[in-house]
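Read through the structure below, which is laid out as structure tokens, and then see the notes.
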Amino acid sequence: MSNMVGVGPFITIPLIIASMGGPQCMLGWLLGAVLALCDGLVWSELAAALPGTGGTYLYLHEAFRHTRARGILPFLFIWQFIFSGPLEISSGLIGIAQYVGYFWRGMEPVQARLVSSAVGALLIILLYRGITAVGRLTVVLWIGMLITMLWIIVSGLTNFQSRLVFDFPPGAFHFSTGFVAGLGSAMLIAMYDYLGYYDICYVGGEVRSPARVIPRSIIYSVIAVAALYFANECEHHRGGPVARCHAVEVHRFDFH
């Protein structure tokens, strides 16, 4: 869960609202959760059958053991991850810099880059510690994440406005090319926010009773995070403080 919930949901919620133009964007979160759960079940079966360390690298290596692709496909996976991994991390660092902008008014682009770079350097320093220290830090950050999301959810509940929750624009659920395109965009953003449920598979060799623990870990995490995202998304429609912070960003999009 700590890997699934980074800065992503806090900066992408305005985008997912804009993708469908109203509260019907909740459908994107729901279908995204279903898709993540289906994919998570595939990961669970692979991890239970091949409970080793390496995740996709291990699965490709074993699946093509008796073919000529045995060496090249795992290699290509690692090679592309050298590019995709830093890009994924950098997107989070950019999001952190954007949130710093709420406190540092007038922050210039160069200063935003410096903030992102500083946070990235701090993360590297924190990771160059013993694995037990990193494990404890992960638990602390996980608790902090839960407190942050619950704070946002509670603030939305205390400012509940039903007219905003169900303020569907005309033809919100009319099946058309625009609706499908908007739903696809919403699901794409939702999957970005759900990613991380499979990370336990990369350390499957370190997990006790992997056939039992890994599937439950993935399923419980997807369901729990989906519930948090759903409630957090509703907060934006209820007029909570985070919704007001994002109002300017959301209004940049043409909902129609």
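The values are calculated or read from the model by the stated rules, or taken from the named source; none is laboratory data. Nothing here was measured: the structure is a model prediction, and the numbers come from that model. Cβ placement follows ideal geometry from the backbone for every residue including glycine, while neighbour counts extend to all protein chains displayed. Each accessible area value is taken on the protein alone, full model and side chains, heavy atoms only, with ligands, DNA and RNA left out. Shrake-Rupley method; radii C 1.70, N 1.55, O 1.52, S 1.80 Å.
Per-structure values
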| read-out | value |
| --- | --- |
| Every pair of residues 6+ apart whose Cβ atoms lie under 6 Å, when the first sits in region 195-216 and is more than 12 Å from Ser44 (Cβ to Cβ) while the second is in a loop (DSSP other than H, G, I, E, B) and polar (S, T, N, Q) | Gly196/Asn3; Asp199/Asn3 |
| The lone exception for Ala112 - which of (1) farther than 20 Å from Ile189 by Cα; (2) out of contact with any helix residue (DSSP H, G or I) (no Cβ under 6 Å at 6 or more places or on another chain); (3) modelled with pLDDT of 85 or more it fails | (2) |
| Matching entry among Gly171, Gly130, Gly196 (being at pLDDT below 85 and at positive phi) | Gly171 |
| Residue ID - modelled with the lowest pLDDT, chosen from residues in region 208-256 that are acidic (Asp, Glu) and closer than 25 Å to Ala181 by Cβ | Asp254 |
| Among (1) touching a residue at least 40 places away in the same chain (Cβ under 8 Å); (2) open to solvent by 40 Å² or more (accessible area, probe 1.4 Å); (3) over 18 Å from Ala231 (Cα atoms), the one test that Val180 misses | (1) |
| Test result for Arg129, open to solvent by 90 Å² or more (accessible area, probe 1.4 Å), free of Cβ contacts under 8 Å to residues at least 24 places away in the same chain, over 25 Å from Ala18 (Cβ atoms) and not in a helix (DSSP H, G or I) | yes |
| Total residues in region 93-126, condition in contact with a Ser or Thr (Cβ under 9 Å, 6 or more places away or on another chain), open to solvent by 60 Å² or more (accessible area, probe 1.4 Å) and more than 21 Å from Pro14 (Cα to Cα) | 0 |
| Among the residues listed as Leu141, Leu93, Leu146, Leu126, the single one being of a type outside the set (Ser, Thr, Tyr) and in contact with a Leu (Cβ under 7 Å, 6 or more places away or on another chain) | Leu126 |
| Helices (runs of 4 or more DSSP H) within region 1-72 that include 1 or more residues within 13 Å of Ala190 (Cα to Cα), open to solvent by 50 Å² or more (accessible area, probe 1.4 Å) and not hydroxyl-bearing (Ser, Thr, Tyr) | 8-20, 26-49 |
